[in-house]
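Undergrad: Below is a structure I'd like to ask you about.
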Amino acid sequence: MEKREWRGYLREALERTLEARKTTIETMFPDWEGFRDTVRQTRQHAVENLEELFKTFKQNCEKRGVKVYLAENGEEACRIVYQIAAEKNAKLLTKSKSMTMEEIELTPFLESRGLKVVETDLGEFIIQLSGEKPFHMVYPAVHKTRREVAELFSAVAGRSLSDDLNELVSFVREHLREVFLSAEIGLTGANIAIAETGTVVVETNEGNDRLGSVPPKTHIVVMGMEKIVESVEDALRLVVAHPVSSTGQPLTTYVSFISGRNPMAGVFDGRELHVVVVDNGRTQMRADSLFKEALYCIRCGACMNICPTYSTVGGYVFGHIYTGPIGIPWTAYVHGLDKAAQFTELCVSCGLCKEICPAEIDMPMMIAKVKHRVVKEAGQLGVNNLLESYESIYKLGSRFPKLFNLILRNKPVRYLMEKLAGIDSRRQLPPIADKSLTAIIRGRKSEINEQVVALFADFYYQFVRPDLGLKLIEAVEECGFSVLLPSQRSSGYPYVAYGDLDKAREIADYNVESLHKFAEEGSVIVSIEPTATYSLKYVYPFLLNKSEKAKKVSASAVSATEFLCRLVEEGRLKIERTDKTKIAVHIPCHERALDSSKSAHKLLTAAGYDSFFVETGTCCGMAGSFGMKHGVLGYELSNVVGESLFDKLRRSGCEMVATTSSVCRIHIEEATGLPVRHPLELITFTFQRKR
């Protein structure tokens, strides 16, 4: 946590990648979401038909003289490779970057039996020299500085090398060229395998796969069985999806389609291609209705690039062999739940991994399920239990609001809360209002109209800022709607974030049962808090197995800012600003799955504000109640995650920050000293309908 300079290098590299990805998508894809749908369908079809595709792939490979093996587990795969090497009396093998070979720990297996394996990908070569594991799925040495690399290379060269990039690259070229020409076997992975042609596709930016696989007589491909797709057309889609999502490139520099073994200088004699297809838990994963989505992964690493905690702590903390968000479900199935449990708490349930994934993998819910299994085996943390109970605590506090707020402000009490309950004393806890929203509107008279809006207030606007809930109700009523506040509980999202899915399901069932009648009648369900809207639209259908009621509620749910924008665009509502402040707009994580705060920005602009987005593309660090916990896995990590955003906000020239998230508001206000407001606080309404 103290390595600020190191974090800066990593964060800068990942932010550059995210920016390059954004630029490439805007340039190349008029319909990126449509392309993502196609990629998902391609991967889904491949996984659903895996056995049949493997048989077709094997048959077509064998027609070309290729030997194909199916290894049930990692050890069997390693033994197959070793047996081939022993038969060829090989001593030196080159290796191109492959996460599957890392997964089965092939290199240490071969080295323990006297073989020399040399990594030929530049990043992997650096990692091998340092005796470490890959830091990132695509950028294995992204955490290394030029100076560190120069020291590693100098030890191999036997002379002092500077940290000049040209000098370092020239040395690697010279050093590896001799290795390429001397190796008896070339090892590569496969990015894709094509069933209809028996073809293996290998993508690199350095060409080391070609230099490693062409000169030796024997080429061995080690690949996960999920890499097989049906057709060349399917493969070409993934050839595009890989670089755009991982590095922001339009195309990987070298894309090799390998269909059998080609002659070398016109000579075929003794040239062989072996393909080792690895199961190692994949069949078991495929049998799980939720976790089979993990097999859709194309290994682009985009989820790591955007993950707020990964970009702060890095792959050695956030991972086992597979790192980052996708590493949690993969580790649980391939290396065991105990290994995954070591880093599941680093997932703060922001949901950004799904939003960036080119195959639209539901990583947030898979990770929640892994957490659920960990909680079932090991029990829940006490601080998590307390934070999950926030609604009950504030409901009780609403009976004695003055006393409750006095307790929240009492330093000795907060000290005890930190020491005994794990709630950081430095973090502001939201004070409770004198009356809840339910109490305020009880007995309140309003017009009865045919058009009905059901308000899902959630915790914050029920107990902390009911005045904003009332302001929204009055504005919507003036536009000709009846606004009702159905019986409801809070969204229950903390239960999802902390892995208590049984409790989350109970709340989802209660809220859907209460709200679905409004959806069936064609009413709109409006929610002010982004996480609440996200829960209604995406989390509840998952928790309730896509029940018809949950799907109807999901389809009817909309954020308050989107609904108000609709009324403004229809001419039913006019808005004005309350002052002349220059406003920076912050996008909460869960709102990225909704409209990325476009409606909030539109409202502020329509009101006459000079408003603009300030963002890093990822989370501010608060992550719901995560930032309220004491210690590294809480308050400290949340502040470090937000460093880059806080710095940008300070330098933006804004006088105020607007965000729709109640918890982002707390975090940003404390960290920057800038006033932070909900858009509802910054606008006044005038109405077009005559009462």
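The values are calculated or read from the model by the stated rules, or taken from the named source; none is laboratory data. The structure presented is a predicted model; accordingly, all values stated were derived computationally and were not measured. Note that each Cβ is placed from the backbone with ideal geometry, even for glycine, and that neighbours are counted across all protein chains shown. The accessibility values were calculated without ligands, DNA or RNA, using every heavy atom of the protein model including side chains. Shrake-Rupley method; radii C 1.70, N 1.55, O 1.52, S 1.80 Å.
Undergrad: Relative contact order for the range 152-290: what is it in percent, counting Cα pairs under 8 Å that are at least 6 residues apart?
TA: On the way: 191 pairs, mean separation 34.7, N = 139.
Computed value for the range 152-290: 25 percent relative contact order.
Undergrad: Same structure again: Pairs to check: Lys376/Lys503; Lys133/Lys369; Lys88/Lys116; Lys97/Lys227; Lys503/Lys537; Lys371/Lys395. Give those whose C-alpha atoms are more than 20 Å from each other in this structure.
TA: Those over the limit are Lys133/Lys369; Lys371/Lys395.
Undergrad: Only Lys, Arg, Asp and Glu count, each charged at its Cβ (+1, +1, -1, -1), so figure out the dipole size of the range 357-432 about its Cα centre, rounded to 20 debye. Numbers along the way, then the final one.
TA: On the way: 13 positive and 7 negative charges, 97 e Å.
Dipole of the range 357-432, to the nearest 20 debye: 460 debye.
Undergrad: Determine the dipole magnitude for the chain: charges of +1 sit on the beta-carbon of Lys and Arg, -1 on that of Asp and Glu, nothing else is charged, the reference point is the Cα centre, and the result goes in debye to the nearest 20. Working shown, then result.
TA: Values: 87 positive and 89 negative charges, 289 e Å.
Dipole about the Cα centre, nearest 20: 1380 debye.
Undergrad: Continuing with this model, one more query. How many percent of DSSP beta bridges within the chain run antiparallel, rounded to 5? The partial results should precede the final answer.
TA: Values: 16 of 60 bridges.
The antiparallel proportion sits near 25 percent.
Undergrad: If you don't mind, there's one more thing I want to ask. Just how far, in whole angstrom, is the range 619-686 from the range 58-91 if you go by their alpha carbon centroids?
TA: Spelled out, the Cα-based centre of one part sits 54 Å from the other.
Undergrad: Once amide H atoms are placed 1.01 Å from N in the peptide plane, what residues at a sequence separation of 5 or more from Val483, or on another chain, have their amide H within under 5 Å of its amide H?
TA: Excluding prolines and chain starts, which carry no amide H, the hits are Val453.
Undergrad: Give me a comma-separated list of calculated 3J(HN,Hα) values for the range 331-344, in order, Karplus coefficients 6.51, -1.76, 1.60 applied at θ = phi - 60°, integers in Hz, x for any Gly or Pro.
TA: Using θ = phi - 60°, the values come out as 5, 4, 8, 8, 10, x, 4, 4, 6, 5, 4, 5, 9, 5 Hz.
Undergrad: Still on this structure: Answer with one residue from Ile441, Gly469, Ala600: the one whose Cα lies farthest towards the positive end of the charge dipole of the chain, charges on Cβ with Lys, Arg +1 and Asp, Glu -1.
TA: It is Ile441, whose Cα lies furthest towards the positive end.
Undergrad: Turning to a different aspect of this structure: Going by amide H atoms built from the backbone, whose H comes under 5 Å of the H on Val278, apart from near neighbours?
TA: Those qualifying (amide H under 5 Å, at least 5 residues apart or on another chain) are Ala71, Met223, Gly224, Met225.
Undergrad: Sequence gap at least 6, Cα distance under 8 Å: using those rules, report the relative contact order of the range 1-132 to the nearest whole percent.
TA: Numbers: 57 pairs, mean separation 19.6, N = 132.
Reported as a whole number, the value is 15 percent.
Undergrad: Answer rounded, prolate or oblate for the range 374-463, using the Cα gyration tensor with square roots of eigenvalues a ≥ b ≥ c: rounded when a/c is under 1.5, else prolate when a/b is larger than b/c, else oblate.
TA: On the way: a/c = 3.60, a/b = 1.66, b/c = 2.18.
Taking the square roots of the gyration eigenvalues as a ≥ b ≥ c, the range 374-463 is oblate.
Undergrad: When the helices in the chain are scored as -39500 (n - 2.57) per DSSP H run of 4 or longer and the sum is shared across all residues, what 222 nm value do you end up with, to the nearest 500 deg cm²/dmol?
TA: -13500 deg cm²/dmol
Undergrad: Further question on the same structure: Hey, can you rank 423-433, 592-602 by average C-beta count inside 10 Å, highest first? Write down the numbers at each step before the final one.
TA: On the way: 423-433: 18.2, 592-602: 21.5.
Going by the mean number of other Cβ atoms within 10 Å, highest first, we get 592-602, 423-433.
Undergrad: Next up: I want the antiparallel fraction of DSSP beta bridges within the range 559-691, as a percent rounded to 5. Each step should come with its number before you reach the end.
TA: Details: 5 of 14 bridges.
So the antiparallel bridges amount to about 35 percent of the total.
Undergrad: Can you tell me the dipole magnitude for the range 180-236 around its Cα centre, using point charges on the Cβ only (Lys, Arg +1; Asp, Glu -1), in Debye to the nearest 20?
TA: Numbers: 3 positive and 9 negative charges, 66 e Å.
Here the range 180-236 has a charge dipole of around 320 debye.
Undergrad: For the Cα atoms of the chain, what angle does the longest principal axis make with the long axis of helix 363-378, in degrees from 0 to 90, nearest 10?
TA: With both axes taken from Cα atoms, the answer is about 90 degrees.
Undergrad: Further question: At 0.692 mPa s and 37 °C, plugging the Kirkwood radius over alpha-carbon pairs of the chain into Stokes-Einstein gives what diffusion coefficient in µm²/s?
TA: Working: Rh = 27.3 Å.
Reported coefficient: 120 µm²/s.
Undergrad: Now a separate question. Please list, in chain and number order, the residues 5+ apart from Thr199 or on another chain whose amide H is under 5 Å from its amide H, with Hs placed from the backbone.
TA: Here the answer is Ile194, since their amide H atoms fall under 5 Å of that of Thr199.
Undergrad: With the convex hull built on the Cα atoms of the range 600-691, state its orientation-averaged projected area in nm². Mind dumping the intermediate values first?
TA: Working: hull surface 28.3 nm².
Reported value for the Cα convex hull: 7.1 nm².
Undergrad: Which whole-angstrom value gives the distance between the alpha carbon centres of the range 5-29 and the range 128-170?
TA: 22
Undergrad: Here's another thing I want to ask about it. Round to a whole number: what % of the accessible area of the chain belongs to carbon and sulfur, probe 1.4 Å? Walk me through the numbers before you get to the answer.
TA: Details: 14390 of 28420 Å².
Answer for the chain: carbon and sulfur cover 51 percent of the accessible area.
Undergrad: Return one whole number: the accessible area per residue of the chain in Å², for a 1.4 Å probe.
TA: Numbers: 28420 Å² over 691 residues.
Per-residue accessible area for the chain comes out at 41 Å².
Undergrad: In this model, which of Lys292/Lys602; Lys58/Lys292; Lys22/Lys582; Lys445/Lys549; Lys402/Lys552 are farther than 32 Å apart at the alpha-carbon? Can you show the working numbers first?
TA: On the way: Lys292/Lys602 39 Å; Lys58/Lys292 22 Å; Lys22/Lys582 26 Å; Lys445/Lys549 30 Å; Lys402/Lys552 40 Å.
Beyond 32 Å between Cα atoms: Lys292/Lys602; Lys402/Lys552.
Undergrad: Ignoring everything but the protein chains, give the 1.4 Å probe accessible area of Cys353 in square angstrom, nearest 10.
TA: Roll a 1.4 Å probe over it and Cys353 shows about 10 Å².
Undergrad: Only Cα pairs under 8 Å and at least 6 apart count here; give the relative contact order of the chain as a rounded whole percent.
TA: Values: 1264 pairs, mean separation 77.7, N = 691.
So the answer I get is 11 percent.
Undergrad: Give the separation of the Cα centroids, the range 333-405 to the range 448-514, in Å.
TA: Cα centroid of the range 333-405 versus Cα centroid of the range 448-514: 21 Å apart.
Undergrad: Ok, one more. So for the chain, taking the charge dipole from beta-carbon charges (+1 Lys/Arg, -1 Asp/Glu), which of Thr660, Cys78, Ser96 sits furthest toward the positive end?
TA: Most positive-ward Cα: Thr660.
Undergrad: Moving on to the next point. Hey, if you put +1 on the Cβ of every Lys and Arg and -1 on every Asp and Glu Cβ in the range 14-168, which of Ala46, Ala150, Val68 ends up farthest toward the positive end of that dipole?
TA: Positive-end residue among those listed: Val68.
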